[in-house]
Amino acid sequence: MIKKVLFFLFVLPWFILPQSYEYDYLVKNARIIDGTGAPWFIGDVAIKGDKIIAVGYNLNEEKAREVINAEGLYLAPGFIDIHSHARGGLVFEPVMENLLRQGVTTVMEGNDGSSPLPLRIAFEELGKLKLGANIGFFVGHGSVRDSVMGWENRQATREEIERMKKIVEEAMKEGAFGISTGLIYPPGSFANTEEIIELAKVAGKYGGIYITHMRSESNKIMEALEEAIRIGKEAKIPVQITHHKIVGRANWGMSLRTLLRIERAREEGIDITLDQYPYTATHTGITVLVPGWAMEGGAEKLIERLRNPELRNLIKQGIIENMKSDRGSGDPNNIQIGSCRWKPEYQGKTLSQILIERGVEPNFENASELVIEIIENGGAMAIYHSLNEDDLQRIMRFPWTMHASDGGVAKPGMGFPHPRTYGTFPRVIARYVRDLGILTLEEAIRKMTSLPAWRLKLFNRGLIRPGFYADIVIFDIEKFKDKATFENPHQYAEGVVYLWVNGVLTIKDGNLTGKTGGRILKRGEE
């Protein structure tokens, strides 16, 4: 009897207790692209908990709970999308499958001057969700201004600027990575440069960056760039020119001047960088065609002005001018309707196609009336085919350019998004690395990983290094591609074989595992 007791107490537990492993996962024989831009090498990567704990050769398989043979596959840091509009879709799609299938493990929100306020409330709500990817925030200048002044088209008073500065400071203390502006959109477009400098100084004091949708990306792009450089210089804050592009046929080729000016600014000591999406079409609300003065007071005031025949005519002339020289790039057929609740059947069609279906000549006059009609019935998103491939490739080659989507979280069949929402990162690799050779694979990965991590001061992400968070993507270079198109955008990218987010295996053998590892990231936190 005593022998049986001793057996159950001391001998049997050694057989029934789970084995303790040094690694949770051991990836063997991968082609490792470490994120620095250095050439790939064949090696092993070990993961324990939420960290990478070893990178080497012939690591001991017996130490691992699960061994993955990645022979012939590429392993890289998870991609960081520094310009995202993810928050709108998180309620119905917190897993962010359209991003995970691109290899994205971190997204940055609060871009183009729009962010939730206060951030701590947004963090509390996000904390209730099972996030598929990490998410961080900028504080949006437009949202700050709206909370203090509404949509008034005037300069802020000293007292109003002080109130805005306090809101920015609160957001920075809560973990914002910097301040964003959308100077083409009201109410941010109503602010003068001095106001933005004052608020950017606050963000800079806390180690944040200034990320800007500039005041112009078309006829006045050089003036807008000078403003951004001045803000960086006077506020003593790093500058990110976001989704840098050249809008409008008459302006194509201006990237030669903008990139030269950015390089010169860096030589002058201005810490300025940029990001870009790999498509020749933009995507924003259809009201971007409306002259800025008509947007004072918001949508309701715009509708009131449209009921005034004299003002309506002025607004229409402004829309026509924008179609000719800006977003329309000289042809109503370049403007494609995106998500449109009023007339879902318009989604995917251009203004010209809709007018032809109505039996109306597709000229600027009729197109402007159609735009106004859509606005009067609730508005729509639109895709503007107004960019040039030569500018795109030139900007992409620039060493300080990062890849970013300017997209969001999508649910298949919901709305009509820009294909960048599903395809940005694999498109860079499939089209511009593999097919066209615009970038090397290592350089493209650097622009998706360590470069944005450096810009955001995420010093423990963006590289394959022991001690870094295990945000890792493994992909098949021959199969990694975007499938989303302007005609059929709701198509997931292909080619991601494995994906970890903070050490949680989220994609395995090309399929979602049902496990999520995303976290809320805050500036300055480990």
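Observations
- Looking only at the range 206-225, and only at residues there that are in contact with a helix residue (DSSP H, G or I) (Cβ under 8 Å, 6 or more places away or on another chain) and part of a helix (DSSP H, G or I), the one that is nearest to Asp271 (Cα to Cα): Leu225
Per-residue answers, yes or no, for (1) surrounded by fewer than 21 Cβ atoms within 10 Å (Cβ to Cβ); (2) part of a strand (DSSP E or B); (3) at positive phi:
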position	(1), (2), (3)
Ile47	no, yes, no
Ile53	yes, yes, no
Gly88	yes, no, no
Phe92	yes, no, no
Val95	yes, no, no
Leu99	no, no, no
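- Any hit, the range 115-129, residues being part of a strand (DSSP E or B) and free of Cβ contacts under 8 Å to residues at least 60 places away in the same chain: no
- Taking the range 439-486 as the range and being assigned to a loop (DSSP other than H, G, I, E, B), out of contact with any Phe, Trp or Tyr (no Cβ under 9 Å at 6 or more places or on another chain) and closer than 19 Å to Gln276 by Cα as the test, the residues that pass are Thr440, Thr485.
- Any hit, the range 310-328, residues being aliphatic (A, V, I, L, M) and under 27 Å from the mean Cα position of the chain (by Cα): yes
- Residue in the range 360-371 that is in a loop (DSSP other than H, G, I, E, B), within 22 Å of Ile184 (Cα to Cα) and at pLDDT below 95 present: no
- Of all residues in the range 173-202, those being farther than 22 Å from His244 by Cα, surrounded by fewer than 24 Cβ atoms within 10 Å (Cβ to Cβ) and in contact with a Leu (Cβ under 9 Å, 6 or more places away or on another chain) number 2.
- Residue within the range 284-301 that is of a type in the set (Phe, Trp, Tyr) and crowded, with 17+ Cβ neighbours inside 10 Å present: no
- Taken over the range 302-342, residues that are surrounded by fewer than 18 Cβ atoms within 10 Å (Cβ to Cβ) and of a type in the set (Val, Ile, Thr) amount to 1.
- Hits in the range 334-359 (condition: without any contact (Cβ under 8 Å) to a residue 12 or more places away in the chain and either assigned to a loop (DSSP other than H, G, I, E, B) or in contact with a Lys or Arg (Cβ under 7 Å, 6 or more places away or on another chain) (or both)): Arg358, Gly359
Per-residue answers, yes or no, for (1) buried (at least 24 other Cβ atoms within 10 Å of the Cβ); (2) among the aliphatic types (A, V, I, L, M); (3) modelled with pLDDT of 95 or more; (4) not assigned by TED's automatic domain parsing to the domain that holds His141:
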{"residue": "Gly204", "(1), (2), (3), (4)": "no, no, yes, no"}
{"residue": "Glu223", "(1), (2), (3), (4)": "no, no, yes, no"}
{"residue": "Glu227", "(1), (2), (3), (4)": "no, no, yes, no"}
{"residue": "Lys233", "(1), (2), (3), (4)": "no, no, yes, no"}
{"residue": "Arg249", "(1), (2), (3), (4)": "no, no, no, no"}
{"residue": "Asp275", "(1), (2), (3), (4)": "yes, no, yes, no"}
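- In this structure, Val107 qualifies as more than 24 Å from Thr287 (Cβ to Cβ) and either among the aliphatic types (A, V, I, L, M) or assigned to a loop (DSSP other than H, G, I, E, B) (or both).
- The residues of the range 381-394 that are surrounded by fewer than 22 Cβ atoms within 10 Å (Cβ to Cβ) and either touching a His at 6+ places or on another chain (Cβ under 7 Å) or within 22 Å of Met414 (Cβ to Cβ) (or both) amount to a single one, Met381.
- Scanning the range 456-503 for residues being over 21 Å from the mean Cα position of the chain (by Cα), surrounded by fewer than 18 Cβ atoms within 10 Å (Cβ to Cβ) and of a type in the set (A, V, I, L, M, F, W, C) gives a total of 1.
- Taking residues in the range 451-470 that are at positive phi, and partners anywhere that are small (Gly, Ala, Ser), the pairs with Cβ atoms closer than 6 Å and at least 6 places apart or on different chains are Gly462/Gly35; Gly462/Ser450; Gly462/Ala453.
The values are calculated or read from the model by the stated rules, or taken from the named source; none is laboratory data. Because the structure is predicted, anything quoted here is derived from the model rather than measured. As a convention, Cβ positions derive from the backbone with ideal geometry for all residues, glycine included, and neighbour counts pool all protein chains shown.
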